[in-house]
Amino acid sequence: MDSQPTSLQRLHNVEKRLVRVLELAGAVMDELASSTGPRAEFLAGHCREFMMSIKEIQTTLREEIKSACEYRPFEKCDYSARIANEICVKKLEYIIDQLDGLKESIDNYED
């Protein structure tokens, strides 16, 4: 077996990281709502992990989009398969835009 992860495996790992990011966000929200008040070290650690994960997710998605754009398996094939591929690329580009917006919002909040 090839030791290099496939595109599908990399995207599956992104999905896992997205779940972890949501868990981190939930933990921060719980901490902020704590009756004893938020613990700064807890928030800092979770926010740091959140931002590192977002950066890794963006990097991986950009690489996958670039790879998908360079790879043209449907050049001499049917139209519907090519369109389905292009729709997937657009969906990934949309996700990156959303993640960039989220990062910008977080950066503005920190300022």
Pop out the ³J(HN,Hα) list for segment 28-36 in order, Karplus 6.51 cos²θ - 1.76 cosθ + 1.60 with θ = phi - 60°, rounded to Hz; leave Gly and Pro as x.
5, 4, 4, 5, 5, 8, 4, 5, 8
Cα-centre dipole for the chain with unit charges at Cβ (Lys and Arg positive, Asp and Glu negative), debye to 20
360
Note down the relative contact order for the chain as a percent, whole number, built from C-alpha pairs under 8 angstrom at least six residues apart.
26
Cα-projected label distance for LYS91 with LYS55, points at 7 Å along beta-carbon direction, nm:
2.9
Probe 1.4 Å, accessible area per residue of the chain, Å²:
75
Expressed as a whole percentage, what fraction of the accessible surface of segment 4-43 belongs to carbon and sulfur atoms when a 1.4 Å probe is rolled over the protein heavy atoms?
62
Relative to the longest principal axis of the chain, what angle (0 to 90°, nearest 10) does the C-alpha long axis of helix 79-110 take?
20
With contacts defined as alpha carbon pairs under 8 Å and 6 or more residues apart, what's the relative contact order of segment 1-59 in percent?
39
Once Lys and Arg get +1 and Asp and Glu get -1 on their Cβ, which of SER34, GLY45, THR60 lies farthest toward the positive end of the dipole of segment 17-107?
THR60
Considering only protein heavy atoms, with the full assembly of protein chains and a 1.4 angstrom probe, order ASP30, ASP78 by accessible area, largest first.
ASP30, ASP78
The chain: spread of alpha-carbon positions along the three principal axes, whole Å, largest first, is 64, 34, 20
Difference of contour (0.36 nm per residue) and Cα-Cα distance, GLU63 to VAL19:
13.8 nm
Given a 1.4 Å probe and heavy atoms of the protein chains only, how would you sort ARG48, ARG39, ARG17, largest accessible area at the top?
ARG48, ARG39, ARG17
Please determine, in degrees from 0 to 90 and to the nearest 10, the orientation of helix 40-70 with respect to the longest principal axis defined by the Cα atoms of the chain, where the helix direction is its Cα long axis.
10
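The values are calculated or read from the model by the stated rules, or taken from the named source; none is laboratory data. Since the structure is predicted, the reported quantities are computational estimates derived from the model, not experimental observations. Heads up, the Cβs are rebuilt from the backbone with ideal geometry, glycines too, and the neighbour counts pull from every protein chain shown. For accessibility, only protein heavy atoms count, side chains too; no ligands or nucleic acids. Shrake-Rupley method; radii C 1.70, N 1.55, O 1.52, S 1.80 Å.
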